[in-house]
1. In region 100-139, what residues are farther than 19 Å from Trp43 by Cα and charged (D, E, K, R)?
2. Which members of region 25-48 meet the condition of being of a type in the set (A, V, I, L, M, F, W, C), closer than 30 Å to Trp95 by Cβ and part of a helix (DSSP H, G or I)?
3. Could you look through region 286-324, keep only residues that are touching a residue at least 60 places away in the same chain (Cβ under 8 Å) and open to solvent by 40 Å² or more (accessible area, probe 1.4 Å), and pick out the one that is farthest from Gly350 (Cα to Cα)?
4. Which of the residues spanning region 21-66 are within 30 Å of Trp241 (Cα to Cα), open to solvent by 30 Å² or more (accessible area, probe 1.4 Å) and among the β-branched types (Val, Ile, Thr)?
5. Within region 65-118, which residues are among the basic types (Lys, Arg) and closer than 24 Å to Pro53 by Cα?
6. Quick check on Gly398: is it over 27 Å from Thr258 (Cβ atoms), under 25 Å from the mean Cα position of the chain (by Cα), modelled with pLDDT under 95 and crowded, with 16+ Cβ neighbours inside 10 Å?
7. Go through region 141-173 residue by residue and tally those that are without any contact (Cβ under 8 Å) to a residue 60 or more places away in the chain and not in a helix (DSSP H, G or I).
8. Looking at (1) part of a loop (DSSP other than H, G, I, E, B); (2) over 31 Å from the mean Cα position of the chain (by Cα); (3) without any contact (Cβ under 8 Å) to a residue 60 or more places away in the chain, find the lone condition where Val70 falls short.
Amino acid sequence: MKPHFRQSAVLIHRWLGLTMAGFLLLAGLTGAILAWNEELDHWLNPELFFTPPAAAGTRPLDPLQLRQTVAAAFPDAVAAMVPLEQQAGRSMIFWLSGLPKSDGTLSEPANNQVFVDPYSGRIQGARKWGDISQGSKNLIPFIYRLHYSLALGDLATTIFGIIALLWTADCFAGAWLTFPAPQRKAGKPVPADVQQTRKSWLQRWAVSWKIRRGGGSYKLVFDWHRAASLWLWAMLLVLAWSSVSFNLPSVYKPVMATLFTTQTEPDEAAPGRASQLPPRLDWEAARSRGRELMTRLAASKGFAILEEDDLFYDSRTGLYGFSSRSSLDVSHRWGSTVVYFDGDTGRDQGAWLPTGRASGDTIHSWLVSLHMAAIGGLPYKVFIMLLGLVVASLSVTGVAVWWKKRQGRKKAAHNAMERKAGERGKEQAASRQESAAQP
């Protein structure tokens, strides 16, 4: 490792770290909270999420019937997605989108998340997800928005994506700096006692993984910053690169498509639908067609369907999508095995599989599930919470190390200036003495 290259890596790590520090501090702290996103939201808003049946053995209503109830209650919006999974004692959650406007954009509904009693069809509540002005029922969604965009909209989301991209690069720069500096070049004379005590590269690198004791507060802070980053390096990279996928897909997708095989999602490749009329297939027929295509796909690809997830319609492309959680899914919280079909004819338009078909998409499924604590149950949630706190601490300790070194550089520069001033003073005094001694 050449000295000038190492100096460049130091500068890159320093300035990337300072640029990212505030963002990652916030992302780490909010991420630690969001490891318990669902649990906290349910605890704060039980009236939205829980619905005990009126009597034992009461069966929930059909989700498509509940969709009709929601559509009637919210005429200013479109219920273009129907949740198909039903859990005993839990409300059904419908997401709404706006109505098409004359300029081709969508209106903004007053609320976009609706909670429905699955046994009676009663609307339990609604909220505009993340709008803190609606009070505590939006506290956790608001923290979620803070986590990825400071709750400031699309521009801030992009800025966070750029920060995530810098974080990804800094993962490699920081790891490089933990490697030990090169020893004296071969060919130069080395004392015999030094040769006997010289350590191998791995022995010298092992120091970077440890926290020294009794070395003072600065060494403790420095060692924590370095050692914690090394021990958790792989997961920090997972968080960084998955954040790019969420916030900066315009960079993430081309990179992954270049490095790995990826699938083209049928809804992205489909041409736009000219007609604004409803699809010829109604929701009942669409569910039947989706089940048929999913069953056929499972038989041909050799996977098991674990449970139905949702049915949705995209008016822009005219395609229905039917998703299930299958044995190909990594997450235990959602299903991302999807079949697509034409909303007018029911013609099969392809599928998207979370694992097994394309390496890039398999990696993506794991990245998303790891980032969002959607695997591993309670132990992994605890780990992600602690990891968020570590990310926050690395931001603080990184700034502390920089400040300490900056103060040291300023002190060294000040001392150097004083030495030079002293030397000049001595030279001037000697010159005066010499002049005075001359006749």
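The values are calculated or read from the model by the stated rules, or taken from the named source; none is laboratory data. Computed from a predicted structure; not experimentally measured. As a convention, Cβ positions derive from the backbone with ideal geometry for all residues, glycine included, and neighbour counts pool all protein chains shown. Accessible surface areas use protein heavy atoms only, side chains included; no ligands, DNA or RNA. Shrake-Rupley method; radii C 1.70, N 1.55, O 1.52, S 1.80 Å.
1. Lys101, Asp103, Glu108, Arg122
2. Residues satisfying the conditions are Leu26, Ala27, Leu29, Ala32, Ile33, Leu34, Leu40, Trp43, Leu44, Leu48.
3. Looking at the filtered set, the residue picked out is Glu307.
4. Residue satisfying the conditions is Ile33 alone.
5. Result: Arg67, Arg90.
6. yes
7. Count: 3.
8. Going through (1) part of a loop (DSSP other than H, G, I, E, B); (2) over 31 Å from the mean Cα position of the chain (by Cα); (3) without any contact (Cβ under 8 Å) to a residue 60 or more places away in the chain one by one, Val70 breaks only (1).
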